Structures are given as structure tokens and as C-alpha cells.
1. What accessible area per residue, rounded to a whole number of Å², is obtained for the chain using a probe radius of 1.4 Å?
2. Tell me, in nm to one decimal, what length is gained between Ile8 and Glu28 on full extension, where the rule is 0.36 nm per residue of separation less the Cα-Cα distance?
3. What is the percent of Cα-Cα separations in the chain that go past 17 Å?
4. Going through the chain, which GluC sites (Glu not before Pro) have at most 10 other Cβ atoms within 10 Å and a DSSP loop state?
5. Contact order normalised by length for the chain, with contacts defined as Cα pairs under 8 Å and 6 or more residues apart; what percent is it?
6. Given H placed 1.01 Å from N in the peptide plane, which residues other than close sequence neighbours of Gly48 have an amide H under 5 Å from its amide H?
7. If you add up the charges near Val22, with Lys and Arg at +1 and Asp and Glu at -1, over every other residue whose beta carbon is less than 12 angstrom from its beta carbon, what do you get?
8. Please give me the summed charge of the neighbours of Val36: other residues whose Cβ is under 15 Å from its Cβ, Lys and Arg +1, Asp and Glu -1.
Amino acid sequence: MEDKNKYITVVEQYDKQLVKRVNERITEGYEPHGNVVIAFNEAGKITGYVQIMMLKEF
């Protein structure tokens, strides 16, 4: 059996990429934990999206 991290962060540059990646991780047994964090640069432009995910406990 594969040894998976219990806690991961998914980081993407675009929101649609984040949705796709989070959905992939859900199929691997992870659940989103908390809210999506949006990172901005000094000019106020969005530079990335972050979602914390935790491995489901069975």
C-alpha cells in the first residue's frame, strides 16, 4: 500500500486549475480542509490559489 501524506497543500496559479487538482486529490482519498486562500502581489494582482487537504481517516 502506498504511504500518503496526511496533510497536503494544493497550489495553482489559476482557479480552474485548482478546482481540477482538488477534484483529483478527492479521488485519491483527500478532503478539503478550510477555505481557499488567495495570494496577491503588491499591486493587488492574484498570484495563486491554495487549498489545504487532509487524508480521510477510515
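The values are calculated or read from the model by the stated rules, or taken from the named source; none is laboratory data. For clarity, every value in this text was computed on a predicted model and none was experimentally measured. Note that each Cβ is placed from the backbone with ideal geometry, even for glycine, and that neighbours are counted across all protein chains shown. The accessibility values were calculated without ligands, DNA or RNA, using every heavy atom of the protein model including side chains. Shrake-Rupley method; radii C 1.70, N 1.55, O 1.52, S 1.80 Å.
1. Values: 4790 Å² over 58 residues.
Ligands and nucleic acids excluded, the figure is 83 Å² per residue.
2. Values: separation 20, 0.36 × 20 = 7.20 nm, distance 1.20 nm.
Stretched fully, the Ile8-Glu28 segment lengthens by 6.0 nm.
3. Details: 649 of 1653 pairs.
When all Cα pairs of the chain are counted, 39 percent exceed 17 Å.
4. Details: sites: Glu2, Glu12, Glu24, Glu28, Glu42, Glu57; in loops: Glu2, Glu28, Glu42, Glu57.
Qualifying residues, ordered by number: Glu2, Glu42, Glu57.
5. Values: 88 pairs, mean separation 25.5, N = 58.
Once normalised by length, the contact order is 44 percent.
6. Residues meeting the criterion, in which the H sits 1.01 Å from N, are Ala39.
7. Details: positive: Lys16, Lys20, Arg21, Arg25; negative: Glu12, Asp15, Glu24, Glu28, Glu31.
Result for the local shell: -1.
8. +1
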